[in-house]
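S.K.: The following block contains the structure, expressed as structure tokens.
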Amino acid sequence: MIETDILIIGAGPVGLFTVFEAGLLKLKCHIVDVLPQVGGQLTEIYPKKPIYDIPGYPSILAADLVDNLMEQIAPFKPSFTLGEVAQSISKEPDGKFLLTTNKNKKIKTSVIAIAGGLGCFEPRKPPIKGIEDFEEESIVYMVKDPEQFRDKEILIAGGGDSALDWTIELANVAKKITLVHRRTSFRGALDSVEKVHHLATKGVIDLITEAQAVDLKGTNTLSHVVIKHKEKGLIDIPVDYFIPLFGLTPKLGPIADWGLNLNRSAIAVDTLDYSTNVEGIYAIGDINEYEGKLKLILCGFHEATLMVQSAFKRIYPDQKLSFKYTTVSGVSGFE
Amino acid sequence: MEENTINITVTDREGIDHIIEAPTDMNFNLMEICKSSELPVEGTCGGMALCASCHCYVQSEHKLNEPSDDELDMLDQAFFVEDNSRLSCQIYLTNDLNKLKIKLAPVS
Ligand SMILES: Cc1cc2nc3c(=O)[nH]c(=O)nc-3n(C[C@H](O)[C@H](O)[C@H](O)COP(=O)(O)OP(=O)(O)OC[C@H]3O[C@@H](n4cnc5c(N)ncnc54)[C@H](O)[C@@H]3O)c2cc1C
Ligand code: FES
């Protein structure tokens, strides 16, 4: 089991910077994020966009800011659990928290800092009635194991890079692939678009454009995806698997059930130290809410800085904390 | 009506019409106007055509600026997309848009 001083939920800019401020106070951090990579919204939504309101940087690309933060926190050797959802929390007899992820990883911690941003990034699910009934067996929102589709008939829906890339990759694995897209043109790398068209012309895959998946059929397991074509109307396509690839979107997720005071989909905090109504749990960055809140990276950094001071006092109630500038103390990392 | 102010009708997800007075000289887009009128439009990405939370249907015959590639790409990731779908953050308000009618798309 992993043990840490501060467990940070969310590897967005605010979660990452928390490691630095905590490190200055000699507190160790572990970070959990559902995404396979760090950076939160900056990496997932706008890596190539310049940000103009980070103090000291007239302009910095979102992806570069994330790289810089990773470099800045490296001396404090944070550990990461990526690709897992922070699912539930419980209290241990010694007053610490035990967090369990959706993959049943357990992390013991003195303090929890929720830096969950707009929420847990989840695949966008097509609004097809009854889709949940097939989710477990026949619907795959994120391809992890291509072998799962060996000699199977699959329908991929979407028009972006991941739909194109998986169509190409699985063309050699699956028995039959149908790629369905709403428009005739695809976004995504030109090279992939050409490859997909080539596969379609050679008859390796079925490419159906100007169509959308609208219904699912099957008893117990999925047997057909019904698509609606602009001109030809409804068409039943026999499948073993349906792979809808429409990107990711943040949803508040399991945090909603942790007994925290919520205000719409944000966590209410005390601006003294960004603590929530549950002692030992703090909320910082986009996920919190207080009067005058601005969802800005800069504000999240400030919140993280004040929060770790309060966390320190909670963890070491008897120790005095003396405030030092980094220019005086330097940054002495962990062994 | 005042100069540089137009009326827009927004039908919300419950089917209720809201008539909004919108200034055309302040560089607002339609998403921002809906948000500031307390309509349930998230505008998660701040109007960069990166989230589709401002998806709407244009129901009047107004001639709008053509959607950019970014907008079309983002609409690909949205659901309930129709021929008259637009991202409201990509529609800038001009005096020509008086009496524009839009309907908010469902959220999935
Ligand atoms: C297009 C766009 C442009 C922007 N431009 C600017 C700008 O110019 N300047 C500025 O200051 N801000 C800007 N912002 C806002 C800025 O990105 C956010 O304020 C910032 O990302 C908040 O950081 P965060 O660390 O709080 O959360 P996020 O970056 O949202 O990261 C939160 C992370 O937590 C994870 N998570 C949540 N719940 C769980 C869970 N239960 N289990 C596991 N993981 C979980 C999520 O997957 C996510 O990765 C912009 C935002 C967008 C979308
Ligand atoms: S506000 Fe995000 S796409 Fe319009």
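S.K.: A:LEU272 versus A:GLU194, label points 7 Å from Cα toward the beta carbon: distance in nm?
M.R.: Between A:LEU272 and A:GLU194, the simple spin-label model gives 6.4 nm.
S.K.: On to the next question. What range in chain A is the longest one free of chymotrypsin sites (Phe, Trp or Tyr not before Pro) that are in a loop by DSSP and have at most 14 other Cβ atoms within 10 angstrom?
M.R.: A:53-322
S.K.: State whether the stretch B:5-104 is rounded, prolate or oblate according to the following rule on the C-alpha gyration tensor (a ≥ b ≥ c being the square roots of its eigenvalues): a/c under 1.5 gives rounded; otherwise a/b larger than b/c gives prolate, and the remaining case gives oblate.
M.R.: rounded
S.K.: Return the inverse of the average 1/r over all pairs of distinct C-alpha atoms in the stretch A:6-117, which is the Kirkwood hydrodynamic radius, in Å to one decimal.
M.R.: Final number for the Kirkwood radius of the stretch A:6-117 is 14.5 Å.
S.K.: Now for a separate question. On average, how many beta carbons from a partner chain sit within 10 Å of the beta carbon of a residue in A:212-219?
M.R.: Other-chain Cβ atoms within 10 Å of each residue's Cβ, averaged: 0.
S.K.: May I ask you to derive the FRET efficiency for A:ASP206 and A:LEU98 from their Cβ-Cβ distance with R0 = 51 Å, giving the value to the nearest 0.05?
M.R.: The value I calculate is 0.55.
S.K.: Still on this structure: How much FRET efficiency would the formula 1/(1 + (r/R0)^6) give for A:LEU298 and B:ASP70, where r is the Cβ-Cβ distance and R0 is 30 Å, rounded to 0.05?
M.R.: Calculated value: 0.70.
S.K.: Continuing with this model, one more query. Measure up A:LYS28/A:LYS48; A:LYS77/A:LYS108; A:LYS232/B:LYS101; A:LYS125/A:LYS175 against 27 Å on the Cα-Cα distance and list the ones that go over.
M.R.: The answer is A:LYS28/A:LYS48; A:LYS232/B:LYS101.
S.K.: Another one. Based on the Kirkwood radius over alpha-carbon pairs, what is the Stokes-Einstein translational diffusion coefficient of the protein assembly as shown at 37 °C with 0.692 mPa s viscosity, in µm²/s?
M.R.: 136 µm²/s
S.K.: Once you place label points 7 Å from the Cα toward the Cβ at B:GLU14 and A:SER332, how far apart are they in nm?
M.R.: 6.2 nm
S.K.: Leaving out same-chain residues fewer than 8 places away, which aspartates and glutamates sit with a Cα under 16 Å from that of A:LYS152?
M.R.: A:GLU137, A:GLU169, A:ASP206, A:ASP240
S.K.: Where in chain A are the DSSP H helices whose alpha-carbon span along the long axis reaches 20 Å or more and whose Kyte-Doolittle mean is at least 0.5?
M.R.: Within chain A the helices that satisfy the rule are A:297-315.
S.K.: Something else now. Work out how far the C-alpha atoms of the stretch A:231-313 reach from end to end along every principal axis, then list the three figures in whole Å, largest first.
M.R.: Extents along the principal axes: 65, 26, 21 Å.
S.K.: Just counting partner chain Cβ atoms within 10 Å, what average do the residues of peptide B:77-84 show around their Cβ?
M.R.: Neighbouring Cβ atoms belonging to other protein chains average 4 per residue here.
S.K.: Which FRET efficiency value, to the nearest 0.05, do you get for B:SER36 and A:ARG150 by plugging their Cβ-Cβ distance into 1/(1 + (r/R0)^6) with R0 = 51 Å?
M.R.: Between B:SER36 and A:ARG150 the formula returns 0.45.
S.K.: Residues in the stretch B:80-102, backbone N under 15 Å from the label point at B:GLU21 (7 Å along the Cα-to-beta-carbon vector): list them, ranges by number please.
M.R.: B:99
S.K.: Follow-up. Across peptide A:16-25, how many C-beta atoms of other chains are within 10 Å of each residue C-beta, on average?
M.R.: 0
S.K.: Another one. List the residues of the stretch A:25-45 whose backbone N lies under 12 Å from a point placed 7 Å from the Cα of A:TRP258 along the Cα-to-Cβ direction.
M.R.: Under cut-off, by backbone N: A:32-33.
S.K.: Suppose only helical runs count, i.e. DSSP H with n ≥ 4. What mean residue ellipticity at 222 nm does that imply for the protein assembly as shown under -39500 (n - 2.57) per run, divided by all residues and rounded to the nearest 500 deg cm²/dmol?
M.R.: -6500 deg cm²/dmol
S.K.: Are there trypsin sites (Lys or Arg not before Pro) in the stretch A:213-259 that DSSP puts in a loop and that have at most 10 other Cβ atoms within 10 Å, and which ones?
M.R.: none
S.K.: Separate question: Give the residue list of GluC sites (Glu not before Pro) in the stretch B:1-67 that are DSSP loop and have at most 12 other beta-carbon atoms within 10 angstrom.
M.R.: Counting only loop positions with at most 12 other Cβ atoms within 10 Å, the GluC sites (Glu not before Pro) in the stretch B:1-67 are B:GLU2, B:GLU3, B:GLU14, B:GLU38, B:GLU61.
S.K.: For chain A, build the charge dipole from Cβ charges (+1 Lys, Arg; -1 Asp, Glu) around the Cα centre, then report which of A:THR178, A:THR100, A:GLN212 sits farthest towards its positive end.
M.R.: Positive-most Cα among the choices belongs to A:GLN212.
S.K.: Here's something else I'd like to know. Name the trypsin sites (Lys or Arg not before Pro) in the stretch B:1-99 that are in a loop by DSSP and that have at most 10 other C-beta atoms within 10 Å, would you?
M.R.: Sparse-neighbourhood loop trypsin sites (Lys or Arg not before Pro): B:LYS63.
S.K.: If you build the convex hull over the alpha carbons only and average its shadow over all orientations, what do you get for the stretch A:169-250? Give it in nm² to one decimal.
M.R.: 6.8 nm²
Bear in mind these aren't lab numbers, they're just calculated from the coordinates by the rules spelled out. Just so you know, these numbers come straight off a predicted model, no measurement behind them. Cβ coordinates were reconstructed from backbone atoms using ideal geometry, including for glycine residues, and neighbour counts include every protein chain displayed.
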